[in-house]
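Only one structure is covered here, and it is reproduced in the block below.
What follows draws every value from the coordinates through simple rules; no lab data is involved. Note that the structure is a prediction, hence the values are computed from the model and not measured. Every residue, glycine as well, gets a Cβ built from its backbone with ideal geometry; the counts of neighbours run over all protein chains shown.
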Amino acid sequence: MDIATFLIQCLNALQYGLLLFLVASGLTLIFGIMGVINLAHGSFYMIGAYMAYALAPLVGATFGGGFFSTLAVGVVLSVLFGYALEWAFFSFLYERDHLQQVLMTYGLILVFEEMRSLIVGDDVHGVDAPPTLAGSLPLGELMTYPVYRLFVSGVCLLLAAGMYFVFTRTRLGMMIRAGSTNREMVQSLGIDIKFLYRLVFAAGVAIAVLAGMVAAPVSSVYPGMGNTVLIVCFVVVVIGGIGSIRGALLAALLIGVVDTFGKVLLPQAAGVLVYVLMALILLWKPDGLFKVG
Amino acid sequence: MDGIGIQRGKLAFVLLVFLGLAAWPAVAGNYGVDLVGKIMISSIFALSLELLVGTTGLVCFGQAAFFGIGAYAAALLMSQSGSSSLWWLLPACVVCAGLYALAVGALSLRTRGVYFIMVTLAFAQMAYYVVHDTPLGGGTDGIYLPGKPGLGTWLDLDKPLAFYGFTYVCLLAVFGFLALLLRSSFGRALAGVRVNEQRMRATGFSTFPYKLASFTISGAIAGLAGFLFAVKDGVVNPELMSWHQSGAVLIMIILGGLGHLRGALIGAFALALLEEFFKSEAVFGAFAKHWHLGLGFTIILSAAMLPRGLVGIPALWRERLEGRARALDAKSSSKEGIREAVV
């Protein structure tokens, strides 16, 4: 492996890891803060990717805009969607046993996948990268690297930084952190915890949808893509330690590196490497890398 | 209803189910016998997980690995040895699954909660990739069984009725075994681990061997279900070990109701029959190909309205009736109170 290939694989690993982090961060937040196991989280990623495909012509017709207006419309829609979803299906699940939540969200996966099949069909689609980002950068003498992949990494980094800021530096973040530690106490201090939860949930949904939309030009859009990403994201969440954003970031990058280089160096065992890594880490640290609380 | 009455009701329910299953081939056609045979295999699979999740409180998300190992062991052992005697084949397959469960349990029981769920998934995925990506398991195509196992001339599992009968006996044996196990002191200890492991340890139980034993037994029973499945279909493929399979069986027992053996039976039957119902073109016409939608909404509704699963419906009813009776009592007594005050 020469240096240019190595560099390209590093960039790919970074991009994949950051994308995983975006989806997994919503999962770890909803799980860590609200205590809900949300199996339907992968579906939001799938919905995002399909939005990037299906919304683009609609948005183009109404606003005359391109890729970025589609992103904006998608985010607004997903916040509304997440807010309504929390109200309808999750608000009464907090007191329940985890396994009841598993049952409920499993039902949601079935419904989302079938809705997708009804509305958009079961075909595999490609989504074009926006023309402004469609080029590639030369790397070494023979290799090039697509600009769009760099853009994906950039968006993910920006969002990660934004999340970190909101959580550690703002009043809202403080309330959310407090709410995850002691729900009743926060409530008795006069903070509307239900609204706060709904907000966190909607934000988690929006981030997953955004990740799906941004990933669509890189990964193409296909049925069942949500389930694939869901399992990997659960792996990220537990390796990082449930509820820990920092842990999720580190774990996602780790998985990105292991998966990408596994596919290059050990293609026969690429699929299983991620799970071997998880088993090893959890046998070494039974509560993940960064335990919260 | 008093406590003894409820106990009798439960016993009567289980007896009725098994009597109904025994009588089923007499009234049903080929398709019906085939379908219920398949559901009985799922029931054994679900019972194996119920021992772990419902009784011991360990949520395993890798049960399909043991199921798949039972199935693959059947295919590999039959084609390697050339023998098809049930006498040694069945125990060998069950032992294979049990041994893998013993190894997985010994490692993964160091973790708890969601971490345990994910470690068991990891080990199941490893088994999945071994049969999927190595020459051992024949890749994505899987392996065909060279024939059907049997016992000489007097049991030939190639005949649908014989297979139905054999599956029925297996289900009955597993149910009976687990029912006895749960009533033994071992079963009580497992329940203790579920309710409060700390306290169990404080009272002098070393809980780890109990959990490991439960995990191993559960894996072995799942292996039995996998063996039956392989014999029924005559072919094994990696999908038997996929996490979808582990998820489906978990959904079965949650839907049926955790903490009761009959919940696993009810869940296995309910999920399969619901699927059959929403898939039937006679009822839904062209919409039948979107059967996931109906199934999904039914599952959501059941999660929302039945916190104890399908098994909890009678209790829910009783509580509602008692609540109504109490409300009536309260109303009449408050009227009397008013009358007294007036007088």
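Sort B:Tyr31, A:Tyr222, A:Tyr45 so that the residue with the fewest other Cβ atoms within 10 Å of its own Cβ comes first and the one with the most comes last.
Neighbour counts put them in this order, fewest first: B:Tyr31, A:Tyr222, A:Tyr45.
Between 0 and 90 degrees, rounded to the nearest ten: what's the tilt of helix B:261-279 against the longest Cα principal axis of chain B?
Taking the Cα atoms of chain B, the angle to B:261-279 is about 80 degrees.
Residues with amide H under 5 Å of A:Ile242's amide H, sequence separation 5 or more or different chain, H placed in the peptide plane at 1.01 Å from N; which?
A:Val292
May I ask you to list the residues of the range B:39-68 whose amide nitrogen lies under 14 Å from a point 7 Å from Cα along the Cα→beta-carbon direction of B:Ala103?
Those under the cut-off are B:65-66.
Using r as the Cβ-Cβ distance of A:Arg177 and A:Tyr94, and R0 as 25 Å, what FRET efficiency do you calculate, to the nearest 0.05? List each step's numbers first, then the result.
On the way: r = 17 Å, r/R0 = 0.69.
Calculated transfer efficiency: 0.90.
Averaging over every viewing direction, what projected area does the convex hull of the Cα atoms of chain B cover, in nm²?
Details: hull surface 94.9 nm².
Computed as one quarter of the Cα hull surface, the answer is 23.7 nm².
Around B:Glu319, what is the net charge, scoring Lys/Arg as +1 and Asp/Glu as -1 over all other residues with Cβ under 11 Å from its Cβ? Don't skip to the answer; put the middle values down first.
Numbers: positive: B:Arg308, B:Arg318, B:Arg320, B:Arg324, B:Arg326; negative: B:Glu322.
Taking every Cβ under 11 Å from that of B:Glu319, the sum is +4.
Under a 5 Å amide H to amide H cut-off, with H placed in plane at 1.01 Å, what residues pair with B:Leu145 once short-range neighbours are removed?
Long-range HN contacts for B:Leu145: B:Val235, B:Val236.
What distance in nm separates the two pseudo spin-label positions at B:Asp34 and B:Phe177, each 7 Å out from Cα along the beta-carbon direction?
Taking the two extended label points, one gets 2.9 nm.
Taking amide H positions as placed 1.01 Å from N in the peptide plane, with prolines and chain starts having none, which residues 5 or more places from A:Ser136, or on another chain, fall under 5 Å of its amide H?
Residues meeting the criterion, in which the H sits 1.01 Å from N, are A:Val147.
Residues with beta-carbon under 13 Å from that of B:Arg110, excluding B:Arg110: net charge, scoring Lys, Arg +1 and Asp, Glu -1? Please report the intermediate quantities before stating the final value.
Numbers: positive: A:Lys285, B:Arg112, B:Lys211; negative: A:Asp287.
Residues close to B:Arg110 contribute a combined charge of +2.
Suppose every K and R has +1 on its Cβ and every D and E has -1 on its Cβ; what is the size of the dipole of the range A:3-284 about the Cα centre, in Debye to the nearest 20? Could you put the intermediate results ahead of the total?
Values: 11 positive and 12 negative charges, 140 e Å.
The calculation lands at about 680 debye.
Return A:Cys10, B:Cys170, B:Cys60 ranked ascending by Cβ neighbour count within 10 Å, so the fewest neighbours appear first.
The fewest-first ordering by Cβ neighbours comes to A:Cys10, B:Cys170, B:Cys60.
Shape verdict for the range B:1-142, please, from the Cα gyration tensor: rounded (a/c under 1.5), prolate (a/b greater than b/c) or oblate.
Values: a/c = 2.40, a/b = 1.26, b/c = 1.91.
It comes out oblate by the Cα gyration axes.
Farthest toward the dipole's positive end in chain B, which of B:Leu86, B:Ile117, B:Ala101, given Cβ charges of +1 (Lys, Arg) and -1 (Asp, Glu) about the Cα centre?
B:Ile117
Quick one: what are the phi-derived ³J(HN,Hα) couplings along the range B:287-303, Karplus 6.51/-1.76/1.60 with θ = phi - 60°, whole Hz, x for glycine and proline?
6, 4, 6, 9, 5, 4, 5, x, 4, x, 5, 5, 5, 4, 4, 5, 5
Go through A:Tyr16, A:Tyr94, A:Leu210 and say which Cα lies farthest out towards the positive end of the charge dipole of chain A; charges sit on Cβ, +1 for Lys and Arg, -1 for Asp and Glu.
Toward the positive end, the furthest listed residue is A:Tyr94.
Given charges of +1 on the Cβ of Lys and Arg and -1 on the Cβ of Asp and Glu, with all other atoms neutral, how large is the dipole of the protein assembly as shown about its Cα centre, in debye to the nearest 20?
Here the protein assembly as shown has a charge dipole of around 1920 debye.
I'd like to know which of A:Cys156, B:Thr55, A:Ala134 lies farthest towards the positive end of the charge dipole of the protein assembly as shown, counting +1 on Cβ of Lys and Arg and -1 on Cβ of Asp and Glu.
B:Thr55
Could you list, in their original order, any pairs among B:Lys159/B:Lys279; B:Lys211/B:Lys232; B:Lys38/B:Lys159 whose Cα atoms are separated by more than 21 Å?
Details: B:Lys159/B:Lys279 27 Å; B:Lys211/B:Lys232 32 Å; B:Lys38/B:Lys159 15 Å.
Too far apart for the 21 Å limit: B:Lys159/B:Lys279; B:Lys211/B:Lys232.
Pull up the DSSP beta bridges for the protein assembly as shown and report the antiparallel fraction as a percent, rounded to 5.
Numbers: 9 of 10 bridges.
Here the antiparallel bridges make up roughly 90 percent for the protein assembly as shown.
Using a ≥ b ≥ c from the Cα gyration tensor of the range B:270-318 (square roots of the eigenvalues), is it rounded, prolate or oblate, where a/c under 1.5 gives rounded and otherwise the larger of a/b and b/c decides, a/b for prolate? Don't skip to the end; give the middle numbers.
Values: a/c = 3.44, a/b = 2.44, b/c = 1.41.
Prolate shape, in that a/c is at least 1.5 and a/b is the bigger ratio.
May I ask you to sort A:Ser136, B:Ser184 by Cβ crowding, counting other Cβ atoms within 10 Å and putting the fewest first? Don't jump to the answer; show the numbers that get you there.
Details: A:Ser136 14, B:Ser184 10.
So the ranking, lowest neighbour count to highest, is B:Ser184, A:Ser136.
A:Val205: net charge of surrounding residues, Cβ under 12 Å, Lys/Arg +1, Asp/Glu -1, itself excluded? All intermediate terms of the calculation are to be shown ahead of the outcome.
Numbers: positive: A:Arg198; negative: A:Glu86.
Neighbourhood net charge equals 0.
Kirkwood hydrodynamic radius for the range B:112-205: how many Å is it when counted over pairs of different Cα atoms? Walk me through the intermediate numbers first.
On the way: mean 1/r = 0.0557 Å⁻¹.
Taking the inverse mean of 1/r over all distinct Cα pairs, the range B:112-205 comes out at 17.9 Å.
Can you list the HN-Hα couplings for the range A:185-196, worked out from phi with the Karplus curve (6.51, -1.76, 1.60; θ = phi - 60°), rounded to whole Hz and with x for Gly and Pro?
5, 4, 5, 6, 8, x, 9, 6, 5, 4, 4, 4
Convert 10 °C to kelvin, take the viscosity as 1.306 mPa s, use the Kirkwood radius over C-alpha pairs of the protein assembly as shown as Rh, and evaluate the Stokes-Einstein diffusion coefficient in µm²/s, rounded to a whole number. Provide the component values of the computation, followed by the final result.
Working: Rh = 26.7 Å.
This corresponds to a translational diffusion coefficient of 59 µm²/s.
Starting from the Kirkwood Rh over alpha-carbon pairs, what translational D in µm² s⁻¹ does chain A have by Stokes-Einstein at 10 °C and 1.306 mPa s? Can you show the working numbers first?
Values: Rh = 19.8 Å.
Taking Rh from Cα pairs, D becomes 80 µm²/s.
With the Cα gyration tensor of the range A:203-279 giving a ≥ b ≥ c as the square roots of its eigenvalues, does the rule (a/c under 1.5 for rounded; else a/b larger than b/c for prolate; else oblate) give rounded, prolate or oblate? It would help to have the intermediate numbers written out before the result.
Values: a/c = 1.97, a/b = 1.15, b/c = 1.72.
It is oblate, given that a/c is not under 1.5 and a/b is not larger than b/c.
Could you pull out every one of the lysines with an alpha carbon less than 30 Å from that of A:Lys194, ignoring same-chain neighbours closer than 8 positions?
A:Lys291
Each residue of the range B:67-75 in order: what ³J(HN,Hα) in whole Hz does its phi give by Karplus 6.51 cos²θ - 1.76 cosθ + 1.60, θ = phi - 60°, with x for Gly and Pro?
4, x, 5, x, 5, 5, 4, 4, 5
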